[in-house]
Amino acid sequence: MAEVLFFLTAIGAVTGAVGVVALRNPFYSVLALVSHLISLALLFLLLRAEFVAAAQVIVYAGAVMVLYVFVVSYVGGSDEPMASSLGKPFKIASLGFGAALFIVLTAAVLGTGLQALGTQGVPYEAGFGSPKEIGELLLTDFLLPFEIASFLLLIAAVGAVTLARRRGGLETPGELARYTAVDFLRPAGTGTMAEGVGGRRRLPAGIDERDPEPASEPEVKQ
Amino acid sequence: MNIEWFLTVSALIFCIGAAGVITRRNPLVILLCLELMLNAANLALIAFSRMHGNHDGQVFAVIVMVVAACEVTVGLGVIVAMYRRRVPIDVDELRELQG
Amino acid sequence: MQTTAWLVLGLPLAGSILIGLLHKQLKGKAAGYLGTAVLAGAFLCTILTLISLQDRTEEERQVVFVAWDYAKTVGVDAQLSILIDPLSLLMMGVVTGVSTLIHLYSIAYMVSDKGYNRFFAYLNFFVFSMLLLVMAANFLVLVIGWAFVGAASYLLISFWYRRKSATDAGIKAFVINVVGDIGLVLGTYFIFKHSGSLDFLTTFEGAEKSFGEHGNNDLTAGCLLLLVGAFAKSAQIPLHTWLPDAMEGPTPVSSLIHAATMVTAGVYLIARMHPLFELAPTAADVGAVIGAVTLLVAGTIGLVVTDLKRVIAYSTMSQIGYMVMGVSSGAYVAGLFHLMTHAFFKALLFMAAGSVIGAMAGQQNLDKMGGFRKAMPFTFGCFVIGGLALAGIPPFSGFFSKDEILLVIGEEGGWHWGLYVAGYVGAFLTAVYTWRMIFRAFFGEACPEAKELEGGHLHHAEVHTNPANGEVEDTDVGFPGSEHHIAERAPEMKVAMGVLAVLATIGGFLQIPKVTHILEDFLEPTFADSHVHHATSDGLLVLGLVLGAVLGLAGIAVAYRVWVQQPGTSAKVLERFKPLHTLFVNKWYFDELIGLVVVRPGAWIGRVARSSFERIFVNGTLVGGSTGVIKASSSAVRAVQTGLLRSYAALLLLGLTVVGLYFLLSA
């Protein structure tokens, strides 16, 4: 029974993987990856890693993939042209490299002297893979990696915001400036954060230093 | 259902993901293939955790998931910034480092 | 004595370096006075060294001073050492003494030349190298001095370096000198092979032991090669073609280098190597024959040349032929005596010629000169004294020295009688061409420049031209100066010429046969080991003296008749002997012969080598090959940098596979 389930999920995972690589439309690739992730979660369950399987579905398939969907719809990503700029030989060569790696890895796995690989693992204990065990390890033995991982998340969040913010490049010159109350709380030239990230709009009288073409400058003309 | 089978499946998925990274031109899809490779590694980790009977592998897999999430975030941010600046979304076009 | 000996070498070197370093700072005649003072000091040190040498006993009169010993590093007994013995002291005295006078002369002569300081630096350097040559105590220092002298000669001949004819002449002199250098070095090798020592005294003392009682082939070969070196330096046939061309240099240069010192280096060499030449009679005979041939050929050419300085140059070649003939046949003292007297009167003649050329504003052609007797009495007097000495008229110095050489050769007997006859024929020719020169320049109708000078005004050329080919020049650096000087108006020139005139007159009294033998006694320690035994027969002596005087006077008389009394005679003689005249005017076609045999094949080889070997091998394989390999490999490496993300990733993957494979296989 378990073997049947294994083969079914394995085939599903591989199919999803092939779909990610082979499908032309990036949107379809995202959907293929989602199916692959869910199959992988089932494989984790077969290996008695319940918490990780749940985390996989919720975090990976749930959050990360949703992010992907957003970006793919924003960026668009047209169907890729069939002709590769590097030509067919490169494609065949790269597929060959992949195949070579697979052969090497499989040879390593199947030919190893490790006896335990031929079994199903150690006898199952109750509570293996439960959140309790994982949580205990995270807060005792692996506390440092846990904290660093959270720090990494913070950095990634800040980085993403910095990378993707507007820089005033989308405002056309003739656009009317819309003022809000906060504009008066952030005068020009005072080094406010808003000015620093370039989010300020024009104040009346046009004394914005970041304006390349000042509208009316009191200039002494000869 | 030996551990070997899981490892073989993991290797297969890893190689498919690697082939995809080399073959595709859209950076979004390349990132997706990168995800595939990470997931294959996760599968191997979980399999070994089952083999040994301790949870180290599973904790490692959770941390890998965190890292993958961060990497996706930043990578997608870069792609969005590229799109905003009218840079072509095609890795073959980005070859200023040639020569 | 050691200090003064090293000072003789050191002073000219210091002078040269000092003038060279300060050549921009020294103004006016300062460089001239400095150079002359340095040489006067060197001459003084020579005298002091002479005195202290004579203080020693007869057996100890060959002293070697070592400055640096290379023997430990090279394995050959190479040392930086000088030899002080009578022979080297004679040469040192002649070199420093005559050089001082010539420097004095040049102070006034070269005054308007923009390269004045450079001239004195070069001249001092030349004197240093010549002294190094004559004071050498081993073959190594000799070769060094020899090479330096050649280099100094080149620098001085092409002193007016913007004249193409001067630079061509300098190159010609240098190339022929290099041929001589090669001969010298190869000769040294052959001698060293057997003697095992580079030192002169050691080689000479062990000569009989190393080479056997009658010499061997290696010694003959070595001596012949040394002769090649001597002939190149002393302008003997067939390596003589550079000397007439060397007259392109300024007159003081001709006077010093090509009359008194450098060209006598060959004579010195043969005299110094006399123990070896006595063991290799073949080489000595070759030297004697070449000397005789040279003196005849040069005499005949001197009869027809029209350039004033070239006449004197050919007479130098001829007189050196006498000296070479003499020292090769064993007449060492006579040959060196003639070297000394010849230095006096030849330097005097060149100085006087410089004065005449100054009056002619740079023109050197005899055809354009005439009647300077009234305008330049002092110069005329010097010419007369020099001419009488050269022609061998008693009691002037040339008479005694020349006849002594021929006496010794006559005593050898056998085929040496041919040389004896040649010597006297040469003496006749010498008198003729010398007095031809004097009569043409000073007698007869006064030329325009002479008339101008009689009126008290020295002729100036409005446009400065190259006297040889009439090209227009300016008077800036590299060309002669704008002004010319004559002896009558320049006290320095007068003093120098006066001293030499006195020496030319009384110098012969050092060695009057049967009466005084000061020089012979002086040189005795050096030539004590000579095997040549001179049994002077009185009959031959008297015959020789009388014959010499008679021939000299006869030559003067003939010249007087042809060129003064009956001016058309020379043209008539020329008509009758046209082919001979053509031969003589073309210098016996030696230049053309050398051009055909040496220069053209050499140029051909060069062309062939350039188009085949150099093009294919050097440019193609070596240069092109190495650059090609580097270009190809670098472009191959560059091909990896595609800038494509995907190819980098592919290579990464490949690398990963290989690493995995390695670990798999090594397990």
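The values are calculated or read from the model by the stated rules, or taken from the named source; none is laboratory data. Since the structure is predicted, the reported quantities are computational estimates derived from the model, not experimental observations. Here the Cβ positions follow ideal geometry from the backbone for every residue, glycine too, while neighbour counts run over all protein chains shown.
Miscellaneous remarks
- Residue match in the range C:499-507 (condition: farther than 24 Å from C:Leu104 by Cβ, without any contact (Cβ under 8 Å) to a residue 12 or more places away in the chain and aliphatic (A, V, I, L, M)): no
- Of all residues making up the range A:121-152, the number that are within 7 Å of chain B (Cβ to nearest Cβ), out of contact with any Asp or Glu (no Cβ under 6 Å at 6 or more places or on another chain), surrounded by 15 or more Cβ atoms within 10 Å (Cβ to Cβ) and not acidic (Asp, Glu): 8
- Taken over the range C:399-417, residues that are without any contact (Cβ under 8 Å) to a residue 24 or more places away in the chain and either of a type in the set (Asp, Glu) or assigned to a loop (DSSP other than H, G, I, E, B) (or both) amount to 3.
Quick grid of which residues meet (1) within 14 Å of chain B (Cβ to nearest Cβ); (2) part of a helix (DSSP H, G or I):
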{"position": "C:Gly625", "(1), (2)": "no, yes"}
{"position": "C:Gly628", "(1), (2)": "no, yes"}
{"position": "C:Val637", "(1), (2)": "yes, yes"}
{"position": "C:Gly643", "(1), (2)": "yes, no"}
{"position": "C:Ala649", "(1), (2)": "yes, yes"}
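- Of all the listed residues (A:Tyr68, A:Tyr60), the sole one being within 27 Å of B:Leu7 (Cβ to Cβ) and surrounded by 17 or more Cβ atoms within 10 Å (Cβ to Cβ) is A:Tyr60.
- One residue stands out in the range C:566-619 among those that are among the β-branched types (Val, Ile, Thr) and in contact (Cβ under 8 Å) with a residue 24 or more places away in the chain: the one that is surrounded by the fewest Cβ atoms within 10 Å (Cβ to Cβ), namely C:Val585.
- Scan of the range A:91-140 for residues that are of a type in the set (Asp, Glu) and at pLDDT below 85, ordered by number: A:Glu125
- Here C:Ala37 clears all of (1) touching a residue at least 40 places away in the same chain (Cβ under 8 Å); (2) in contact with a Gly (Cβ under 9 Å, 6 or more places away or on another chain) except the condition numbered (1).
Rundown of residues vs (1) closer than 21 Å to C:Ile107 by Cβ; (2) modelled with pLDDT of 75 or more; (3) among the aliphatic types (A, V, I, L, M), yes/no style:
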| residue | (1), (2), (3) |
| --- | --- |
| C:Glu452 | no, yes, no |
| C:Gly456 | no, yes, no |
| C:Glu462 | no, no, no |
| C:Gly470 | no, no, no |
| C:Phe479 | yes, yes, no |
| C:His484 | yes, yes, no |
| C:Glu488 | yes, yes, no |
| C:Met493 | yes, yes, yes |
| C:Ala501 | yes, yes, yes |
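- Restricted to helices (runs of 4 or more DSSP H) entirely inside the range C:489-602, those with at least 2 residues that are under 26 Å from C:Ala441 (Cα atoms) are C:491-506, C:538-560, C:569-576, C:578-585.
- Summed over the range C:440-469, residues that are surrounded by fewer than 20 Cβ atoms within 10 Å (Cβ to Cβ) and in a helix (DSSP H, G or I) total 4.
- Tally of residues being surrounded by fewer than 24 Cβ atoms within 10 Å (Cβ to Cβ) and in contact with a helix residue (DSSP H, G or I) (Cβ under 6 Å, 6 or more places away or on another chain) across the range C:225-239: 3
- Total residues in the range C:418-451, condition without any contact (Cβ under 8 Å) to a residue 12 or more places away in the chain and either in contact with a helix residue (DSSP H, G or I) (Cβ under 7 Å, 6 or more places away or on another chain) or among the aliphatic types (A, V, I, L, M) (or both): 1
- Residue within the range B:63-80 that is touching a residue at least 40 places away in the same chain (Cβ under 8 Å), farther than 27 Å from A:Phe70 by Cα and buried (at least 17 other Cβ atoms within 10 Å of the Cβ) present: no
- Filter result (aliphatic (A, V, I, L, M) and assigned to a helix (DSSP H, G or I)) within the range C:185-224: C:Val185, C:Leu186, C:Ile191, C:Leu201, C:Ala207, C:Leu219, C:Ala221, C:Leu224
- Those helices (runs of 4 or more DSSP H) lying entirely in chain B with at least 1 residues within 13 Å of chain C (Cβ to nearest Cβ), within 26 Å of A:Lys91 (Cα to Cα) and touching a Phe, Trp or Tyr at 6+ places or on another chain (Cβ under 8 Å): B:3-23, B:27-52
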